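The values are calculated or read from the model by the stated rules, or taken from the named source; none is laboratory data. Since the structure is predicted, the reported quantities are computational estimates derived from the model, not experimental observations. All Cβ positions, glycine included, derive from the backbone under ideal geometry; neighbour counts span all protein chains shown. Note: areas computed on protein heavy atoms with side chains; ligands, DNA, RNA excluded. Shrake-Rupley method; radii C 1.70, N 1.55, O 1.52, S 1.80 Å.
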Amino acid sequence: MIKELFDLTGKVAIITGASKGIGKAMARGLAEFGATVVVSSRKQDAVDAVAAEFEKEGLKAIGVECHVGKEEYLKSLVEKVMEKYGRIDVLINNAGTNPFYGPIHKMTPLLYQKTLDINTNAALHLSNLVYPIMKGQKSGSVIHISSIEGIHPSALMSAYNISKAALIMLGKNQAIEWGRHNIRVNVICPGYVKTKLSAALLENEEANAGLIKGAALSRAAEPSEMAGLAVFLASEASSYMTGSTIVNDGGLLHAPLF
Ligand SMILES: NC(=O)c1ccc[n+]([C@@H]2O[C@H](COP(=O)([O-])OP(=O)(O)OC[C@H]3O[C@@H](n4cnc5c(N)ncnc54)[C@H](OP(=O)(O)O)[C@@H]3O)[C@@H](O)[C@H]2O)c1
């Protein structure tokens, strides 16, 4: 049955940046389809709270602290999950940041590096730690959370745009190198989603109105509207899909030019 292809029972999924926002919504989605989810972010108390909330609802979850910009945390995240469950079927590289807002010529090397470290390099390093495990299992699904900002430039967001564009290409390269081991790698590009990260835009009347006007659906997304795609890409329902970049933006990329 096609319906059974979406079943994630027995699968173990790591989701970074899952204490809130899109990551939490995706973790919930995977857990509702049967996966054991490893909810991860920089704060142990925050991920413990999410795991406890999920467990209370009968879902399977644990919280593991991991600052994705720190190699030792990435290693210990993978080690802890392997010790407890002995497998990793799904990795969602979702943690993201945007510490620099301003013109390119005023961007400091430090903020540029920080943006790349969290948004791009962490996804590469964590994927590389998970790769031998998925290779051994002869299956795995890696999902990177990029952005429409990785496809389309926007003023004053250069570091973020560059980091998200690189993440898209990382996914494509991993897909062509890892496909022979049945490891699929796909990239999701959300548009304008109501989270803490987008709070500055949501609270800016002019910017918010412009974005909403640009989207064909005339609204921002709820984080939960990103979850179905994550479930699909994590599951066997997408078994022939790799190297894809999927936009989920309410039509914002097609904002009319005039
Ligand atoms: N919101 C949007 O409109 C939008 C649009 C396109 C793409 N995205 C992308 O979607 C992803 C999720 O964003 P969001 O909007 O859901 O943001 P959010 O609500 O601000 O959540 C960000 C999550 O990442 C965690 N985090 C931040 N820095 C981290 C680090 N260094 N290591 C580990 N975890 C870290 C945060 O938890 P702690 O504070 O507990 O660490 C939190 O769980 C990001 O990659 C973002 O670029 C968002």
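Couple of notes before you dig in:
- Counted charge near GLY171, where neighbours are those whose Cβ lies closer than 14 Å (Asp, Glu -1; Lys, Arg +1): +2
- Radius, Kirkwood style, for region 34-175 when every pair of distinct Cα atoms is counted (Å): 16.2
- For region 136-258, accessible area per residue (1.4 Å probe, heavy atoms of protein chains only), Å²: 50
- For region 131-198, the orientation-averaged shadow of the C-alpha convex hull comes to 5.3 nm² (one quarter of the hull surface).
- Other-chain or far-sequence residues with amide H under 5 Å of ALA221's (modelled H): TYR192, VAL193, LYS194
- With the gyration tensor restricted to C-alpha atoms of the chain, the semi-axes of the equivalent ellipsoid amount to 28, 20, 19 Å, longest first.
- Overall dimensions of region 100-140, expressed as equivalent-ellipsoid semi-axes from the Cα gyration tensor (√(5λ), whole Å, largest first), are 34, 8, 5.
- Carbon plus sulfur fraction of accessible area for the chain, probe 1.4 Å, in percent: 57
- Positive contributions from Lys and Arg (+1) and negative ones from Asp and Glu (-1), summed over other residues with Cβ under 11 Å from the Cβ of PRO99, come out at 0.
- Interatomic Cα distance distribution for region 1-76, bins of 5 angstrom, percent: 3, 19, 27, 22, 14, 8, 4, 2, 0
- Whole-Hz ³J(HN,Hα) from phi, Karplus 6.51 cos²θ - 1.76 cosθ + 1.60, for region 38-48, glycine and proline x: 9, 8, 10, 6, 6, 10, 4, 5, 5, 6, 4
- The order of the peptides 26-36, 177-187, 95-105, 146-156 by mean Cβ neighbours within 10 Å, most packed first, is 26-36, 177-187, 146-156, 95-105.
- Translational diffusion of region 144-251, µm² s⁻¹ [Kirkwood Rh, Cα pairs; Stokes-Einstein; 20 °C; 1.002 mPa s]: 145
- Normalised contact order of the chain, rounded percent, pairs of Cα under 8 Å and 6 or more residues apart: 20
- Rolling a 1.4 Å probe over the heavy atoms of the protein chains gives region 45-118 an accessible area of 55 Å² per residue.
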